[in-house]
Amino acid sequence: MSSGGRKAVRVAIDGPAGAGKSTVARRLAERLGYLLLDTGALYRTVALAAVRAPIRWDDREALGALAEDLVARKRMVIERAEGATGGGSGMRVLLDGDDVSTAIRSPEVSLGASRVSAVPAVRAALLDMQRGQGAEGGVVLEGRDIGTVVFPDAEVKFFLTASPEVRARRRYEELVAQGKSATYEDTFADVERRDKADTERPVAPLRQADDATVVDSSHRDVAELVEEMALVVEARERAG
């Protein structure tokens, strides 16, 4: 149960890369006192595990077997991140005992995640893991297909988006801040490639759920967005 006797719910946040889902989802989880589950991080971890194996991202059979092994042997583990404020919590991902929460955010792994997430066997291996994490409610789930595939019956669904130009600018500035070599033009091209891969993949493509609330983050303050979304969730909590 959420605070005040309200019923804790499942909150699904879908949308394209660079729309601000990770930041908004983390802040919303903190605001609500919910657990955060970034499902995209799981696919990124599979992609990183493939690099370390090594397994090619186009070897679908090997990728499926890898994902099944990661889950079955608990080689990939989700933990609550320490230091979250507001009663909620973020998450970190361990791969073979190693905290890879930062390593899985590299541009290379991001593209690899899009490749491996298109493999049906990989998605099947991770589906039960994702559903188990969110079964009890009180969770914010962020990804590409949460409201359409993973939790089509989620009580609250958001589709967070932003223009490609804004998303590329954000990603470019993030890379520069990390001291990495990048140009806006190359970053914009990466965003377009990722959008194409995510929306055109044959398995669970990125799309807006029919009952999702669309939120455009292009020129809006994060705190304003989070408060607006929190009010929607709290109204649903009260409704039971």
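Among the GluC sites (Glu not before Pro) found in the stretch 25-115, those both in a DSSP coil and sparsely packed, with 15 or fewer other Cβ atoms within 10 Å of their Cβ, are Glu82. The GNM of the chain, with springs linking C-alpha atoms under 10 angstrom apart, assigns the highest mean-square fluctuation among Val119, Val176, Val222 to Val176.
Relative to the present Cα-Cα distance, how much length would full extension add between Ala72 and Ser218 at 0.36 nm per residue of separation?
Separation in residues times 0.36 nm, less the Cα-Cα distance, equals 48.6 nm.
Of all lysines in the structure, those lying under 26 Å Cα to Cα from Lys7, and not within fewer than 8 positions of it along the same chain, are Lys21, Lys157. Here each label is just a point 7 Å from Cα along the line to Cβ, and for Arg207 and Leu127 those points are 1.6 nm apart.
In this rough spin-label picture, where each label sits 7 Å from Cα along the Cβ direction, the Val232-Asp153 distance is 2.2 nm.
Note that the stretch 40-137 presents 48 Å² accessible area per residue, ligands and nucleic acids not counted, probe 1.4 Å. With Cα atoms defining each centre, the stretch 168-231 and the stretch 19-49 are spaced 13 Å apart in the structure. Taking every alpha-carbon pair under 8 Å whose residues sit at least 6 apart, the chain reaches a relative contact order of 33 percent. Taking only protein heavy atoms and a 1.4 Å probe, the accessible area of the chain is 50% carbon and sulfur. Ordering Asp198, Asp128 by accessible surface, largest first, gives Asp128, Asp198; the 1.4 Å probe counts only protein heavy atoms, with every chain in place.
The values are calculated or read from the model by the stated rules, or taken from the named source; none is laboratory data. From a predicted model like this one, the values you see are computed outputs, not experimental measurements. So basically every Cβ, Gly included, is an ideal-geometry build from the backbone, and we count neighbours across all protein chains shown. These accessible areas exclude ligands, DNA and RNA; they are computed on the full protein's heavy atoms, side chains included. Shrake-Rupley method; radii C 1.70, N 1.55, O 1.52, S 1.80 Å.
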